[in-house]
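Notes to accompany the following structure.
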Amino acid sequence: MNASLTEREKKILDILMEGNNPSVNDISDMLEVSKVTIRSDFTSLEEKGLIVRTRGGAFPAYHPDILESQKHAIEEKHRIAKAAAQMIKDGDTVMINDGTTSSLIPKYLLGKRDIHIVTNSTLIFSYARINPSLHLTLVGGTFQPSSEALVGPITLVDLENFHVKYAFVGTSGFSLETGMTTHLVDGAEVIKKMNIQAQKTILTADSTKYGKNGFVKILSLDHLDSIICDTGLDKTIVERIREQGTEIKLV
């Protein structure tokens with residue numbers, strides 16, 4: 001979620017995510033502000049790509065799972081994405097999966113030249129549109145609304161056509177014991193394939209993901225070249241990760 005959202009805009013998104021089709025009048029009553037103010041907030045949220053306006057109301061532009069994920073650790077996710085973007089040099093080729101943190105990386109590539117991104121994430125579109133120096137290749141596949149991603153056999157075959165310098169990937173959870181995990185089998189297969197096609201694989205994940213276990217194992221942490229995380233990660237865990245040979249950068 002855009003870090004510049006006002007508290008009222010966040011409340012409006014929460015109300016819309018409940019799925020009861022509230023009108024402008026309803027939200028105006030709930031938040032005790034004028035209808036003109038709510039319409040102005042709707043315009044702002046629409047410009048940020050977060051809602052779709054309807055006659056007398058609106059609905060979220062993304063699946064509720066995406067919006068819920070984007071609400072957590074907002075500042076940390078942006079710091080992590082910015083640090084990842086700093087690794088990318090002019091002319092580099094990268095893969096980026098559909099993680100809500102990794103999908104923020106193109107936001108911080110303004111000013112860099114001739115960057116080619118291969119991705120299965122539709123969240124990246126808004127940044128690619130405003131940056132002519134990004135060459136975006138979207139792989140094919142079956143659209144999965146809950147992750148704003150293309151997945152499945154076609155996706156995996158398409159990814160085999162590319163070899164890149166870096167793969168930046170996200171995860172539902174990670175730990176030394178279970179490695180990277182997720183709740184979606186198709187998403188796990190995409191990350192495994194990106195790991196094969198890249199010279200280096202970097203996990204971009206905030207510290208709240210540590211210790212969480214998803215249904216599907218993706219990779220052990222020792223398969224990663226590096227992890228970018230925030231400073232909330234316990235120092236003991238950081239040292240243990242480094243001892244097993246995986247770089248970790250805290251931002």
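Some notes on this structure:
- Relative contact order of the chain, defined on C-alpha pairs under 8 angstrom at six or more residues apart (%): 15
- Rh by Kirkwood over Cα pairs, then Stokes-Einstein D for segment 7-61 at 1.306 mPa s and 10 °C, µm²/s: 148
- Beta bridges per DSSP with both ends in the chain, % antiparallel, nearest 5: 40
- In this simple spin-label model, placing a label point 7 Å from the Cα along the Cα-to-Cβ direction at both R129 and K249 gives a separation of 3.0 nm.
- Highest-first arrangement of 195-204, 57-66, 30-39, 164-173, where packing means the average Cβ count within 10 Å: 164-173, 195-204, 57-66, 30-39
- With only the Cα atoms considered, segment 99-251 has a convex hull volume of 105 Å³ per residue.
- Shown is the FRET efficiency for K165 and D222, computed with R0 = 25 Å from the Cβ-Cβ distance and rounded to the nearest 0.05: 0.75.
- Beta bridge orientation in segment 140-243: antiparallel %, DSSP, nearest 5: 50
- Computed over segment 171-226, relative contact order equals 53 percent, with contacts defined as Cα pairs under 8 Å that lie 6+ residues apart.
- Taking label positions 7 Å along the Cα-Cβ direction at both V52 and K212, the computed distance is 2.7 nm, reported to one decimal.
- Rounded to the nearest Hz, the phi-derived 3J(HN,Hα) couplings of segment 23-38 under the Karplus curve 6.51 cos²θ - 1.76 cosθ + 1.60 (θ = phi - 60°) are 8, 4, 4, 4, 5, 4, 5, 4, 9, 6, 10, 6, 5, 4, 5, 5, where x marks glycine and proline.
- Straightening the chain between I196 and S23 buys 57.5 nm, computed as 0.36 nm per residue apart minus the Cα-Cα spacing.
- Added length on full extension, which subtracts the Cα-Cα distance from 0.36 nm per residue, K235 to M30: 69.5 nm
- Relative pair counts by distance (%), Cα atoms of segment 133-181, 10 Å bins: 19, 42, 34, 5, 0
Readers should treat all values here as calculations from the given coordinates under stated rules, not as data from a laboratory. Since this is a predicted model, take the numbers as computed values, not measurements. Neighbour counts are summed over all protein chains in view; Cβ atoms, including those assigned to glycine, are modelled from backbone coordinates with ideal geometry.
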